[in-house]
1. At what distance in nm do the modelled label points of VAL90 and PHE34 sit from each other, each positioned 7 Å from its Cα along Cα→Cβ?
2. Each residue of the range 66-83 in turn: what ³J(HN,Hα) in whole Hz from Karplus with 6.51, -1.76, 1.60 and θ = phi - 60°, glycine and Pro shown as x?
3. Classify the range 1-77 as rounded, prolate or oblate, taking a ≥ b ≥ c as the square roots of the eigenvalues of its Cα gyration tensor: rounded when a/c is under 1.5, otherwise prolate if a/b is larger than b/c and oblate if not.
4. Using modelled amide H (1.01 Å from N, peptide plane; none on Pro or chain starts), what sits under 5 Å from the amide H of ARG126, excluding residues fewer than 5 places away?
5. Could you please report the charge total around ARG63, scoring K, R as +1 and D, E as -1 over all other residues with beta-carbon less than 11 angstrom from its beta-carbon?
6. Quickly work out the TRP151-to-SER57 label distance, labels modelled 7 Å from Cα along the C-beta direction, and quote it in nm with one decimal.
7. Residue separation times 0.36 nm, minus the C-alpha to C-alpha distance between GLU47 and ASP19: what's the value?
Amino acid sequence: SQPPPEPDPREYRCEWCHDLEWVRVTSDRTSPMFGRSVPCRVCVPLEERLARFGIPSLFLGARLAALSRLPGKVDAIDWCSRWDGRTSVVLASRGEALDAAYGTGKSTLAAALVARLIEAVPVSVRWTTHTGFLDGMKRLFDQDGASAEAWAAPVAAEPVLVLDDFG
């Protein structure tokens, strides 16, 4: 009989991911995240994890607790603070004028929701703009419909999908 193999003598800065900065979710076989890789919550700072999911740099620091509780935003912030992380969310402006929808804080609120969620659970996120998603689909449909479907399927299968600037 042979002796057991020697342990790897390398010392890791992060014992959780062994300095790979990514971990594979394996704790719950029923989870849609099972087998997916996510940035390590131990050694990768939150803002860098958000950036790896495609969140624009403008919104990397967004946190629910830091959002201005201005009139008209309090209800939305309070609702988002109670969000369970499992249901779909649509953030829309209630403004009557066409320009009221722009700059009302929906993207900041969405980024704060994503930050809260990935702090709590290992989850994969895809952040894209609505037009970017449609442009990608159009380019592939112009080439081959099957390619477009193959491109869209993993996007739609993400546990968390943010389509920013929708409409």
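The numbers here are math on the coordinates, done by the rules we state, and not lab data. This is a predicted model, so every value here is computed, not measured. With ideal geometry, Cβ positions are generated from the backbone for all residues, glycine too; neighbour counts draw on all protein chains shown.
1. Distance between label points: 3.2 nm.
2. Along the range 66-83, the couplings run 9, 5, 5, 8, 6, x, x, 10, 4, 4, 5, 5, 4, 4, 5, 5, 9, 4 Hz.
3. Details: a/c = 3.80, a/b = 2.42, b/c = 1.57.
Cα axes put the range 1-77 in the prolate bin.
4. Residues meeting the amide H criterion: VAL160, LEU161, VAL162.
5. On the way: positive: ARG116; negative: GLU47, GLU119.
It works out to a net charge of -1.
6. Placing both labels 7 Å along Cα→Cβ, they lie 2.6 nm apart.
7. 8.3 nm
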